Structures are given as structure tokens and as C-alpha cells.
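Before any comments, here is the structure.
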Amino acid sequence: MKKYVIKRIIISVITVFVLTTVVFFLVRLMPGGPFTNPKMTPEVQKAMEAYYGLDKPLPVQYLTYMNNLLHGDFGYSMTHANQSVNSIMFRAFPFSADVGIRALVFAFSIGIVLGIIAALNRGKKLDFVCVLIAIIGTSVPDFIIGGVLQYFFGIKWGLLPIAQYKGFRYTILPMLALAFATLASVSRIMRSSMLEVINQDYIKTAKAKGLNDVEVVAKHEIRNAIMPIVTIMGPLVASVLTGTFVIESIFAIPGMGKYYVESISSLDYTMVLGMTVFFGVLLVIANTITDIAYGMIDPRIRVR
Amino acid sequence: MEQQTVALENDFEVVGRQLEEMESISRPSLSYWQDAWRRIKKNKVAFFSMLLIAFYILLAIFVPIFSPWNFAEQNADDMNAGFSAAHWFGTDSLGRDLFVRAWMGARVSLTIGFLAAILNAVIGTCIGGLSGYYGGKIDMFIMRLVDVLYGIPPLIVTILVMIVIGRGISSLIIAMIIVGWIGSCRFVRGEVLRLKNQDYILAAKLLGVPDLVIILKHLIPNVMGLIITNLTLAIPGAIFQEAFLSFIGLGIAPPDASWGILAKEGIKMLRIAPQQLLITGFLISTTMLALNLFGDGLRDALDPRYRGTE
Amino acid sequence: MENILELNHVSFSFRTYGGVIKAVRDVSFELHPGEILGIVGESGCGKSVTAQSILRLNPESTGFFESGSILYQGQDIVRMQKKELRKIRGGEIGFIFQDPMTSLNPTMKIGKQIAEAIKKRRSLPKREIVQRVSSILKRVGISDPERRMKQYPHELSGGMKQRIMIAMALIGNPKVIIADEPTTSLDVTIAAQILKLMKKLSREMQVSVILITHDLGVIAKTCDRVIVMYGGKILERGTVREIFYQPAHPYTRGLLNSIATLNTKKDTKLQPIEGTPPDLFHPPVGCPFAARCKYGMHICHREMPTHCALSDEHHVFCWLQDEKAPKVPDIFQQNRGALC
């Protein structure tokens, strides 16, 4: 088991390393890059050169870059005067985390419940409804859902606010938009997992012992069916994270996603750089945790 | 059939075994592909989805050719109009006909979706297949590489590449395939590894069949079904990627149209002319839905073990 | 001698996309207290379905009783309420499934799984439950029960897993155990141990056993009486001696001819029974074995043979027992006309 965990961690460290290196080189290739941008004032340009050590040979630049990264220093934003990328990220992060975590919790819990309900009522109306929701969620892109929610709940029926973040009510629509696709995936997987488990021999054994239906479902079926869900947590966190790019833009929430999209269109390369690395590392960590968690939950893998 | 209670004369005459009826084969045997096609036809949902996609493709090809409007033609007098006989889908904020823009966009989105998915599948299959089949050091190296690359969030890389090489259809496709081949590579390699150890492959080798023939005649046909299914299910993902990237300003550049661009413009005009977003949303959603359903049906049809309801 | 379990004219079918499968047709038999009753037959003959139907363990969405009753101590299991049935399951009647590899929950510890069988019946303090689990594990021959209880199924061998299944079935002190092919997926030597164990426990704890198998060797070694099933029906039944030495049905004779024994001479060819089992969607109206029977007669295809009692226990359903039928060399035919 320990070997497994260590192997996973090593691979993820290498991945982060590769990622940051790739980012380093790509930035040097960007057109109208941070080092030649006519928009910048001479002072800023000087500061940039000093910061990045542009007059020094490439390997030294690379080391400076890596060194800065390890200290969590991402430099200064090019479009927001005098603000460090870090400070902007710190300010924006809580908003994203708030809506994002709510969305994840919502998606997983409701998704699992829907999946169980669908499996237990296979072939009947409830199953059909749950499957329909799942199909819609996996086919309709999140920005479409966001737009539709905005239109119906916000504009047409005036039930919920659709822009900015001024309180709990403002988080409802964005959270739903963000969660929908994930919810659909989770419920789909939970349903097929449950159906597989229900047909297993050990469920018959449980019944032969005299357990009632509720006990069989709760103690035997759900317990085994939930394992595949753990394996997809990584990719799902990833999709929620990338979802924030569009959802925050649509709903004008001042989170990291919105800043990221803005910095792309305004060619604020330092911001793009810093946030890309940040997101990248976050996703790698999520994937690694998922891999490790799966190893821990399935007792068959644990012993090895 | 009623039980005869009246005894017949030769009732107790021994006739022995009557095995002929038992042994007759009840169904005509079909080839793999014939069987798959038959099963797809039976699956109404999948079949209908296939027709829908074909229909969209036809519209994408012919509407811009036959439409009286040009997709970039602006008309300041007639902005954000609703449905009318002249403009079937209405107009957008710059007075451009939405119907023709929608199907121009379809051309772009569908092309990118299909091409990117197909290229990913081809590259991934080649690398994964050869790596899995020959094994050895090359395989180990490629697997380590894939393991590391797999952890890198593909969207992030695509975004960065797009920033570097600029916008446009070909840039988008290149950016998408740089990391997109990894998924199918892993999968095909896994399948090849599994099949490679099956007895019929060993038998072929013992008979002296050359490697290339083994790959072409024995391995590929068996993996083909799965590859095609995965390919079909990967297309909606590619369409989504294009839409997503265009939406955040990185994909296709205006005045070109793609569904992502149209969605972005639609959101901007949500208060004034909601039908713009709703139409685009409908087109994207139904396309992705149809592809997903067709892909599911294809998977069921191509799996030789799943006989379903007969 | 009162029967502990009685099946009367039980017919069980399954609804499928292709139609209704008549898996079990008009099956009747009794289980005497303290005996080991074997049910033997090919795959698909309905023996597992019959066994599972005794506790109504068949899939609820597709399986249903067409007719019949299953009496346990006077109560009809077929018509019982679910609540009553659950009391019987695991408590009065225990079930051992065929494949121990898949019949245990892979994510639950062994001890917990065994304890589940008694947990609900009487509210016992945890310490006592642990003690009971421990003692039943010792009884089925598992050493170091305290350690085993905390392990997961995949940490145990096939033979041990089957012992766990037996323990799970026995811990509730049932009066009847139904064992569905308990040794089919085990090594021959392990299988022998398991059978020996089952026989011993049956005597010690005075449990009546219904043992399903397709292996005549198992029957010979372990059972007191035997039922031979084919195509969803019972063709013959009797004591082990009667069935093995005086088979009255061509199918039974066919089964006996197809196995090798220590006495089989070196160059003897094993005789398989030619043909395949009948289509259960449209089962034949007459005797299900008629098409494969070398003594098949016109009446066999037309009508189901009537019941014939050759002795107290030895019953058979075959037209060869009729006085009008020809005498054949390898089938036991009673003095025709006497008992049928």
C-alpha cells in the first residue's frame, strides 16, 4: 500500500514539474508576450525585466522562474496596476471556493441519491426521470444551462438574482449551473454500479440470512456500489473547476474563473501564467488524492 | 393441445430417440457487421439519433450554399429581430441572419468535433496499439510518458497552446490533439495487451503468421468495434471543447461563426433577445445528445456478447 | 414420521422478453427429519430454482409461483407474509450458495457477515454475538477464529470461504439446510472435506439437509435419499441404494452409465446421453426425456407418465412401468400391474 501511495505522489510531482516547465516555454512563445508588449510603461517594463531576469541566459531565467514559483510568487498583473497576481488570486479564491464547493457537495449527494433511486426502481417512471436528468446533464454544456437558468429563473420569472455575489441567494443559480453536469455523471455511474451490485450473489446471501430490504440496500448494496464514484472524483473536480470559468463569467461572480477569462482576453500574461499554474497544480492534486483514496477504500487493493 | 386419454394401438411401441428436431439451428448466422447493423436498426432511439445527426450535417452543408443571406452580412436596420419569414431564426445584434450563421457555425463546430476526435483516435490507436503489441522498453517508456501527461489537465494545456498559436480552426484542432490522443492511447494499449495473450493470437503466431498480418487481421477487427464506439462518444466532448474555448474567447475568431461564438453572443443578448441563446443551446444540446445516444446504441450493437432482447 | 418440509405440486416460472420459462413443473417431495436428501440433475433441470423457491429467493421481478404449496411445520411458505418469511430465512431454514467466491460481500469483514444472521432475531450483547460467531467458526473447522473474524473474504481460500458459508447458515440453529451445489466450485480434495463436515454437522446438530448437485459421486457419498430431476420435473426418487442399484428410469440409468467408477474396466467407453435438454419456453407435453430416450414410445411423447410407487420410498414416472410396456434389460421394472 505504501508503495502505491509513494508511486502516485512521485508521478504527480513529475507532472507538476513538466507542467510548469511547459508553461515557462510557452510563455516565451506568446505573441505580443509579456516582454514585448507595447502597452506597458517603461517602468513596468524595467520591473518585468528585473523580475524575470530577461537579460540573463535562459537556464538562469528558468531557475529564477522555478524559484519564484516555489515561493508562491507569481509576479504582478499587467492590466491591474500595481497588484500582484497573488493578491488578486487571494481575493478571488474565496468566491470560487464557495460556489465550487457547494456545487460539488450538491452534485455528489443529490447525484448519489438519484442513482440509488433509479436503480431500485429500474424500468419504472422514477428510473426514467432520473436517467433523463442524467442524459440532459451530460449532453448540455454548462454555459447553456447557465444561460437557460439565468433566463428563466432570473429574467423571465424574476425569482433569483443572476449577477454578482451579494449574499446566499446569489449563489443558488450559479451553483446549480455548475453542479448539473457533475450531478448527471455521478447519478449515471451510481445507477449502473448499483444495478451491477444488485445482481451479485452476495446480495442473495444477505436475503437468505433474513435481512429486510432496507438493510440489504443500505448495508450491502450501497456500500459496494459507491466505490466507483471515488474513482471519478478527480475528473469531476476538474470539470467543476473549468466550469467556473464560464459560470463566473456569465453570473458576474468575482472569482478566479472570471479573472482567468478576463486575463486571457486582455492578454494579461502574468495573470494567465500564474493562474494556469495554480489551476494545474490543483487538478493534479485532486487526481492524486482520488487515486490514493481509491486504493484505501477498496479492501482488496489495500492489502497489496 | 389436449391430452388424449384414449389409448392408441401403437402407444407402447418403442420408437427410440428423436434427436433431429433438437439439433436444427434456429437462426441464420450473420457476420459481425451485419449483426451490428441489424441491432442498431432495432434500437429506435439510436437509429433516430443517427438520422438527426445526418440531417444536421446536411443542413450544415447546404444551408449556407442556398441561403439568400451571407453569414457576415450586417444589417443595421434589422437587429435582434425575432423569427420571421425572411429570417427563420431571426437576427443577431449586428443584424446578421441567424439561420445561416447557425448552420455556418454547425459546419465549423461539427468539423472540429469530428476531425479532432478522429485524429485523436487514430494517433492514440497507433501509438497505443504498437506500444502494447511490441511491448518491451519502448512500451515502458511510452507508458511512463503517458502516465505523466495524463495527469496534466488537458484544458489548461489547450488554453495555453491557443494563446501561443493564435485563434482559428486549424489552431484549435492542433491544440486539441496535442493532449487528446492520450485517452485512446491508454485504452487501446490495454485492449491490445488483453487480446495479445488470447489463445487465437498464440495459435496464429505458431502457424508462422507475420506480425503485420496478425495486427491487421486479428487484433484490429476485434478492437475496431470499441474504437468506433469510443470515437463516437468522444465527438460530443470535442464539440463541447470548441464551444467552451470559443466562449471564453480563445477558439474561433469573429466574424467567423461557431456554435461557441453564437452561444457567447446569445448570452450577451439574453435580456433583449433570449431566443438567440435558446436556439444555439438547442442545437448544441441536441447534437451532443444525439451523439451520446447513438454512441450508447453503437456500443450495445457492437458488443458480441450482449444479445439484448431477441 | 412427520415431514419437516413438504413441497406439493410446486410450479415456478420466469417472465422474460422471450416469453414465460417454465423452470419447475409440478414438483412434489418431502424432507424427513434428520436425513440428507439429494437432488440430482443436469444444468438447467430446475433443481436450483426449486431449492431457491423454498425460501423465495428467486428474483422477484421475474419469478413467480404458478401453483403449489411449500409447507414448513404446517405453514405455507408460498403464501406467507414477508415478515414471517424473514424469520424463517437464516433462522429455521439456512441456505448455502454455490459459489463461495462471489457469495460473500467483499467489503465486509467475515465476523460481521456471519453475525448478521443472528443479530436481528434476539437482541444479544455484542460480546455474546462474538462468542457465538467464534464457536460456530470452530465447529466448521476454522482455526484461530478470533483472527479470521476480522478478515475480509479475499484473504481466505475457497475451501475456507465455503466453511464460512456453512457457518453463516448454521449459526441461527436452523432445522433445515439447503445446500445448492456446495462443492461444485471447489477442488476435489477440499470438496471431500466439506462434504464430510456437512455430514458430521447434520448428525450432530440434527439438521435435515437438501443437497443439490449434478455429481452422482457426491450423492453416493453423502445422501440418504435421492431425487432425480429433468426438464423441470421429477423423474424418479428413492433411497440411495434403490437409485444406484435398481434405477427404474432410463434417464437415471443413462446418468449411471456415463460416469466412470473404480470398477469400470479399462477399455469401456463412457456412454453419454445423446441430445440436449428440452426448450423450457415450450416444454414437451409428454415426458420431458422422451426425445432422448432410447426406449421412447409413442405414448411418452403424448402424455406425461403416471406416478408409480415401487416401494415406500422408490417412486418413478415412466411409461416403462406400465404393464403394456416391453421388458427392457437395464431398467428395473416392478411386477407390472401390482403397484401402479
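Just name the residue that is nearest to the other protein chains (Cβ to nearest Cβ) out of those in the stretch C:130-154 that are over 27 Å from the mean Cα position of the chain (by Cα) and outside any helix (DSSP H, G or I).
C:Tyr152
Can you confirm whether the stretch B:30-39 contains a residue that is out of contact with any Asp or Glu (no Cβ under 8 Å at 6 or more places or on another chain), assigned to a loop (DSSP other than H, G, I, E, B), modelled with pLDDT of 70 or more and not charged (D, E, K, R)?
Going through the stretch B:30-39, the residues out of contact with any Asp or Glu (no Cβ under 8 Å at 6 or more places or on another chain) turn out to be B:30-38.
Subsequent filtering for residues that are assigned to a loop (DSSP other than H, G, I, E, B) retains B:30-31.
Restricting the remaining residues to those that are modelled with pLDDT of 70 or more gives B:31.
In the following step, the residues that additionally are not charged (D, E, K, R) were identified as B:31.
So far as the stretch B:30-39 goes, yes, one or more of its residues are out of contact with any Asp or Glu (no Cβ under 8 Å at 6 or more places or on another chain), assigned to a loop (DSSP other than H, G, I, E, B), modelled with pLDDT of 70 or more and not charged (D, E, K, R).
Is it the case that some residue within the stretch C:243-264 is touching a residue at least 60 places away in the same chain (Cβ under 8 Å), within 14 Å of another protein chain (Cβ to nearest Cβ), on the phi < 0 side of the Ramachandran plot and more than 23 Å from the chain's Cα centre (by Cα)?
no
Residues checked against (1) within 8 Å of chain A (Cβ to nearest Cβ); (2) farther than 21 Å from B:Leu98 by Cβ; (3) surrounded by fewer than 23 Cβ atoms within 10 Å (Cβ to Cβ); (4) at pLDDT below 90:
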| site | (1), (2), (3), (4) |
| --- | --- |
| B:Gly237 | no, yes, yes, yes |
| B:Phe247 | yes, no, no, yes |
| B:Pro255 | no, no, yes, yes |
| B:Ile261 | no, no, no, yes |
| B:Gly266 | yes, no, no, yes |
| B:Arg271 | yes, no, yes, yes |
| B:Leu277 | yes, no, no, yes |
| B:Phe282 | no, no, yes, no |
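So, in the stretch C:109-127, exactly how many residues are closer than 19 Å to A:Lys209 by Cα, more than 12 Å from chain A (Cβ to nearest Cβ) and in a helix (DSSP H, G or I)?
So in the stretch C:109-127, the residues closer than 19 Å to A:Lys209 by Cα come out as C:109-124, C:126.
Next, only the ones that are more than 12 Å from chain A (Cβ to nearest Cβ) stay: C:111, C:122-124, C:126.
So of that shortlist, the ones also in a helix (DSSP H, G or I) come out as C:111, C:126.
The total comes to 2.
So, A:Arg169, is that one crowded, with 22+ Cβ neighbours inside 10 Å, basic (Lys, Arg) and more than 12 Å from every other protein chain (Cβ to nearest Cβ) or not?
no
For A:Ile222, indicate whether it is in a helix (DSSP H, G or I), surrounded by fewer than 20 Cβ atoms within 10 Å (Cβ to Cβ) and either at pLDDT below 85 or in contact with a Pro (Cβ under 7 Å, 6 or more places away or on another chain) (or both).
Yes, satisfied.
Please tell me if B:Asp300 is over 29 Å from A:Gly154 (Cβ atoms), in a helix (DSSP H, G or I) and either more than 10 Å from chain A (Cβ to nearest Cβ) or at pLDDT 85 or above (or both).
yes
Take the residues of the stretch A:155-178 that are in contact with a Phe, Trp or Tyr (Cβ under 9 Å, 6 or more places away or on another chain) and not aliphatic (A, V, I, L, M): which is nearest to B:Phe244 (Cα to Cα)?
That would be A:Pro174.
Within the stretch C:36-61, take every residue that is charged (D, E, K, R) and out of contact with any strand residue (DSSP E or B) (no Cβ under 6 Å at 6 or more places or on another chain) and give me the one that is farthest from the other protein chains (Cβ to nearest Cβ).
C:Glu42
Looking at (1) in the same structural domain as C:Arg15 (by TED's automatic domain parsing); (2) assigned to a loop (DSSP other than H, G, I, E, B), find the lone condition where C:Glu323 falls short.
Looking at each condition in turn, C:Glu323 falls short on (1).
Pairs needed: first member in the stretch C:77-102, facing another protein chain (nearest Cβ under 8 Å); second member anywhere, basic (Lys, Arg) and not in a loop (DSSP other than H, G, I, E, B); C-beta distance under 8 Å; at least 6 residues apart or different chains.
C:Arg89/A:Lys207; C:Phe95/C:Arg89; C:Phe97/A:Lys204
Residue by residue through the stretch A:229-270, note down the ones that are in a helix (DSSP H, G or I), more than 10 Å from every other protein chain (Cβ to nearest Cβ) and β-branched (Val, Ile, Thr).
A:Ile229, A:Val230, A:Thr231, A:Ile232, A:Val237, A:Val240, A:Thr244, A:Ile247, A:Thr270
For A:Gln164, indicate whether it is more than 30 Å from B:Ala253 (Cβ to Cβ), over 16 Å from the mean Cα position of the chain (by Cα) and of a type outside the set (Asp, Glu).
So A:Gln164 does not fit the description; no.
Looking at the stretch B:181-197, I want the residues that are closer than 16 Å to B:Ile118 by Cβ and have a partner that is surrounded by fewer than 18 Cβ atoms within 10 Å (Cβ to Cβ) and not basic (Lys, Arg) with Cβ atoms under 6 Å, at least 6 apart or on another chain. Which pairs are those?
That search, which allows pairs on different chains as well, returns B:Trp181/B:Ile123; B:Ile182/B:Tyr150.
The values are calculated or read from the model by the stated rules, or taken from the named source; none is laboratory data. Keep in mind it's a predicted model, so treat the numbers as computed, not measured. No Cβ is skipped: glycine too gets one built from the backbone with ideal geometry, and neighbour counts run over all protein chains shown.
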